[in-house]
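See structure below.
The values are calculated or read from the model by the stated rules, or taken from the named source; none is laboratory data. Being a predicted model, the structure only gives us computed values, none of them experimental. Every residue, glycine as well, gets a Cβ built from its backbone with ideal geometry; the counts of neighbours run over all protein chains shown. Calculation scope for accessible area: heavy atoms of the full protein, side chains included, ligands and nucleic acids excluded. Shrake-Rupley method; radii C 1.70, N 1.55, O 1.52, S 1.80 Å.
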Amino acid sequence: MKEGGIAIVQGDITRMKVDAIVNAANTSLLGGGGVDGAIHRAAGPQLLAECRTVGPCPTGESRITGGYRLPAPYVIHTVGPVWQGGAHGEDQLLASCYRSALRLATEHGLSTLAFPSISTGAYRFPLDRACRIALGETLRFLREEDSLAEVTFVCFTAADREVYRRILAEMSVS
Ligand code: AR6
């Protein structure tokens with residue numbers, strides 16, 4: 001599904017042939033489980049070595065490294081908020097993850113970017129709410145900047161992909 005520079009697919013983000021994939025990291029940038037673990041496994045040990053030189057990274061911010069053995073030449077590591085009920089600035093911090101990752105991509109002259117669903121796994125951010133923030137921030141960014149050609153949301157499950165598709169369709173008509 002494609003809509004105004006946004007594509008939504010189901011799959012493994014480590015296989016994406018885009019200029020940069022985004023990693024849902026933690027503040028240490030030294031790896032972990034989930035998509036972070038998958039990216040480090042696929043990229044190989046040089047990614048961890050570079051991460052040691054660019055971390056730590058505060059929640060809501062992003063850092064860029066090479067992609068090493070990945071098909072994508074760059075990885076943008078962003079640190080999502082841990083869900084604590086929604087009254088601890090989680091929405092603003094998650095929006096900041098998307099904005100800072102998109103900004104880093106344009107600063108590096110990249111034109112295609114793929115995001116996982118940041119914070120919705122181990123960090124337990126509710127999917128619907130996170131998805132509205134992800135798509136809202138990205139649509140706004142794409143309207144204001146013409147440097148990025150396509151942003152792909154890579155959903156790990158078909159159920160997640162359907163949520164993204166439904167919410168993008170809702171946002172596109174409103
Ligand atoms: N490709 C695309 N999406 C994936 C993949 C993959 N290969 N693997 C998992 N997902 P999570 P978070 C999805 O837990 O909630 C790590 O330990 C997954 O189904 O990876 O931001 C870090 O080091 C979910 O939809 O990230 C941090 O400590 C989404 O990616 C912490 O987890 C995000 O789930 C970050 O937690």
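Largest accessible area first, the listed residues V151, V35 line up as V35, V151 when surface is computed with a 1.4 Å probe on the assembled protein chains. Can you pull the percent of Cα pairs in the stretch 77-141 with separation above 15 Å? Summing the P(r) tail past 15 Å for the stretch 77-141 gives 47 percent.
Modelled label positions at R124 and A7, each set 7 Å beyond Cα in the direction of Cβ, lie 3.5 nm from each other. Which distance in Å, rounded to a whole number, links the C-alpha centroids of the stretch 141-168 and the stretch 1-45? Each part's Cα centre sits 13 Å from the other's. The 3J(HN,Hα) values that the Karplus relation (6.51, -1.76, 1.60; θ = phi - 60°) gives for the stretch 125-130 are, in residue order, 5, x, 4, 4, 5, 5 Hz. Gly and Pro appear as x. Test of understanding: in a Gaussian network model of the chain with alpha carbons linked when under 10 Å, which of H40, H108, H77 would top the mean-square fluctuation ranking? Most flexible of the set in this elastic network: H108. Scaled against the 2.2 N^0.38 Å expected of a compact globular protein of N residues, the Cα radius of gyration of the stretch 2-173 reads 0.93.
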